[in-house]
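The values are calculated or read from the model by the stated rules, or taken from the named source; none is laboratory data. Keep in mind it's a predicted model, so treat the numbers as computed, not measured. Neighbour counts run over all protein chains shown; Cβ positions are idealised from the backbone, glycine included.
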Amino acid sequence: MGVLLGLTRTHARSDRGSRAYDFKPYYRGAKISVIGGISFKKVLAVMTLNGSMNGEAYKVFVEHFLLPQLWVGAVVVMDNLPAHKVEEIKPLIESVGASVLYLSPYSPEFNPIEHWWSQLKAFLKV
């Protein structure tokens, strides 16, 4: 997930009959990429980096943050981001007894972490 540090909310509440006003910063802010893994019970791993994510950064996340949290029988669900398809990623995950499931293209609604990302972005816009 990419986050611009200048995020602001696009909607606001006000008393009935009056308009809500606020200042919107012109500065969009630097881009921070957030990589994460969740289970049904908790956040397993999170890593941030400046700029965009690439395959090498994702491999570092998997090796150092995600693998220590996985268990035999865990299923890692990934979309079709090119960084997720780096050749070494799937064997790394399978080496701890977990399996990999790639989503079909254009189907983020089937990825549970997308709902978590939307909640996180809403929190950051406050």
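Tell me, yes or no, whether the stretch 71-78 has at least one residue that is free of Cβ contacts under 8 Å to residues at least 12 places away in the same chain and surrounded by 13 or more Cβ atoms within 10 Å (Cβ to Cβ). Write out each step before concluding.
The initial filter retains those residues of the stretch 71-78 that are free of Cβ contacts under 8 Å to residues at least 12 places away in the same chain, namely none.
Checking the stretch 71-78: not a single residue is free of Cβ contacts under 8 Å to residues at least 12 places away in the same chain and surrounded by 13 or more Cβ atoms within 10 Å (Cβ to Cβ).
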Discussion item. Being surrounded by 11 or more Cβ atoms within 10 Å (Cβ to Cβ), in contact with a strand residue (DSSP E or B) (Cβ under 9 Å, 6 or more places away or on another chain) and closer than 24 Å to Val60 by Cα is the filter here; which residues of the stretch 84-111 pass it?
Written reply: His84, Lys85, Ile89, Lys90, Ile93, Glu94, Ala98, Ser99, Val100, Tyr102, Leu103, Asn111
Fill in: Residues of the stretch 56-82 satisfying the condition of being closer than 20 Å to Leu103 by Cβ, modelled with pLDDT of 95 or more and either assigned to a helix (DSSP H, G or I) or not hydrophobic (A, V, I, L, M, F, W, C) (or both)
Tyr58, Lys59, Phe61, Val62, Leu66, Gly73
Discussion item. Contact list please: Cβ distance under 6 Å, first residue in the stretch 103-126 and more than 16 Å from Ile35 (Cβ to Cβ), second residue modelled with pLDDT under 70 and charged (D, E, K, R), pairs at least six apart or on different chains.
Written reply: Lys125/Arg9
